[in-house]
Amino acid sequence: MPVRAGFSRGVSPTVSYVLLLAVVAILSISAYVYGNAEISKLEDAPLGANAESMMISADAAIQTVAHGDINFTTVMDLYYPKGVVRVDEAQNWIKYYAQINANVYEEITATPNGCAVLSNCRCNRTSTIIEDADSGMRLGRILYTNVYRGAQGDDSQFVIITSCDDSIEIYADPTCAGKSGPRSRMTIRKIGYNTTSNKPMVMVRVC
């Protein structure tokens, strides 16, 4: 039957079905992407606290070895699902760093105390804020420890957590000085004393 002038046919059921499927698919994909991002944030949120505990334990092991006899050695296993642990001999640090998909710490903007040149700032008994020479990130001391922490970024943060004690000289084992997660083994050995400063010297292997 011919269509009357001034009228048009409606959208066919097939086209309506396809459009509906397209809308449902777009909504499903959007929900999936958003949900995955939120799940990733929830999974990554505890990583900072876990890494802090690990680095505090690592510092305690270094302290024990440093105050032991020459060649005294201890070994500890480290677990960190994301990131890297390495010996930063230049800064005298044992350093954990990772890109974490969560807001873990507030970024520190205060100036490190007692540091005329920020890149030369080394931790000591009284320092509460230090600066990482590699990234320029400022790290705050965790109370009653030799461990410092800091982050850059907002929702996704680059995090550094480091063990640092200026009364001990840290040396990297040339055979293996760092490893990415999720596991590594840290071997700590006292190798002697610096004849000038009389500080204990500790060799650290992370492999």
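The values are calculated or read from the model by the stated rules, or taken from the named source; none is laboratory data. Only a predicted model underlies this, so the values are computations on that prediction, with no experimental measurement involved. Don't worry about glycine lacking a Cβ; one is built from the backbone with ideal geometry, like all the others, and counts go over all protein chains shown.
The table that follows gives values for the structure above.
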item	result
Qualifying residues in the stretch 134-157 (those that are under 14 Å from the mean Cα position of the chain (by Cα) and of a type in the set (Ser, Thr, Tyr)) - the one modelled with the lowest pLDDT	156
Residue among 132, 173 that is surrounded by fewer than 21 Cβ atoms within 10 Å (Cβ to Cβ) and in contact (Cβ under 8 Å) with a residue 40 or more places away in the chain	173
Yes/no for residue 204 being out of contact with any Ser or Thr (no Cβ under 6 Å at 6 or more places or on another chain) and either surrounded by 19 or more Cβ atoms within 10 Å (Cβ to Cβ) or not polar (S, T, N, Q) (or both)	yes
Filtered residues of the stretch 178-203 (kept if free of Cβ contacts under 8 Å to residues at least 24 places away in the same chain and at positive phi)	198
Residues satisfying the stated conditions in the stretch 154-177, i.e. part of a strand (DSSP E or B) and not hydrophobic (A, V, I, L, M, F, W, C)	157, 162, 163, 169, 171, 173, 174, 175
Among the candidates 151, 177, 172, residue that is farther than 16 Å from residue 58 by Cα and aliphatic (A, V, I, L, M)	151
Residue match in the stretch 188-201 (condition: under 14 Å from residue 58 (Cα atoms) and over 14 Å from the mean Cα position of the chain (by Cα))	yes
Residue count, the stretch 141-164 (criterion: more than 16 Å from residue 47 (Cβ to Cβ), free of Cβ contacts under 8 Å to residues at least 60 places away in the same chain and surrounded by fewer than 17 Cβ atoms within 10 Å (Cβ to Cβ))	3
